[in-house]
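Presented below is the structure to which this report refers.
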Amino acid sequence: MTPEPVRIVVVDDHRLPREALCHVLASEPDLEAHGVDSGPSAVRAVAEHRPDVVLLDIGTPGPDPTSTVRELLDCGHPVGIVVLHTQSDLLLMQRLLDLGVRAYLHKSVSQGLLLSTVRDIAGTKQQTVTITVPSGSARAEAAVSQRSAEPARDVPPSDLLSARELAVLTLVAEALTNRQVAARMGITEATVKRHLRNIFTKLGATSRIDAVNKAINALVIQPPAARRGR
């Protein structure tokens, strides 16, 4: 039996970017996308289409973004919200994450990271968070690194690990085997291997040890000894 595709609502008032993003998403066999041009339209679309994920361009005209997010989360259908932004408004980011936004992605994010984030959010109800900000944004980097609830530290968007990938790599750093990682996370070994392939690609790593070392050097994860010493 073929699994149901992940349903996505794209919210952007600019037609060309909205249609382009819908095309990128819909070209994936496991995804389907529907575009709308405002926050109120997004609330209606969630009620009508019952999507798994909403991609919300924070610059879309309408109510305050926090109001739109509240309405989307209160619509009676569980949905993962991904905010797309072009500028790092740290106070707004904090408010939206506190409300329950599952990802806060800069629009320069790679296609691969966007797709993996959408799939991760649709595939788990865990309250994990992925954040990307413009590379070199020192204030944003500091703010992200200080959020104790964040599973991902700030690195250039094209290299940022998703929440699931970060969890896998953290367990790999503890010298757990693929089977042990799968048992700990409640996923299959094949899924662990897929996450590791993505991790190797994003970090430019050639082995598990190389990936762990690069992640530690980039401050994406802490060394095992440091975590045990907490």
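The values are calculated or read from the model by the stated rules, or taken from the named source; none is laboratory data. In this text the structure is predicted, and so the values were computed from the model without any measurement. Please note: Cβ atoms are built from the backbone with ideal geometry, for glycine as well, and neighbour counts cover all protein chains shown. These accessible areas exclude ligands, DNA and RNA; they are computed on the full protein's heavy atoms, side chains included. Shrake-Rupley method; radii C 1.70, N 1.55, O 1.52, S 1.80 Å.
Summary of values
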quantity	calculated
Residue check, SER67 among the small types (Gly, Ala, Ser) and modelled with pLDDT under 85	no
Residue within the stretch 10-27 that is in contact with a strand residue (DSSP E or B) (Cβ under 7 Å, 6 or more places away or on another chain), among the β-branched types (Val, Ile, Thr), within 22 Å of ALA163 (Cα to Cα) and at pLDDT 95 or above present	yes
Pairs, first surrounded by fewer than 16 Cβ atoms within 10 Å (Cβ to Cβ) in the stretch 171-197, second in a loop (DSSP other than H, G, I, E, B), C-beta under 7 Å, six or more apart	ARG184/LEU176
Residue list for the stretch 27-55, filter: touching an Asp or Glu at 6+ places or on another chain (Cβ under 6 Å) and not in a loop (DSSP other than H, G, I, E, B)	VAL43
Single residue of the stretch 67-87 satisfying the filter (in a strand (DSSP E or B) and hydrophobic (A, V, I, L, M, F, W, C)) that is farthest from SER110 (Cα to Cα)	ILE81
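Yes/no matrix, rows are residues, columns are (1) more than 17 Å from the chain's Cα centre (by Cα); (2) over 26 Å from GLU4 (Cβ atoms); (3) open to solvent by 40 Å² or more (accessible area, probe 1.4 Å):
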| site | (1), (2), (3) |
| --- | --- |
| LEU56 | no, no, no |
| THR60 | yes, yes, no |
| GLY76 | yes, no, yes |
| ILE81 | no, no, no |
| MET93 | no, yes, no |
| ALA103 | no, no, no |
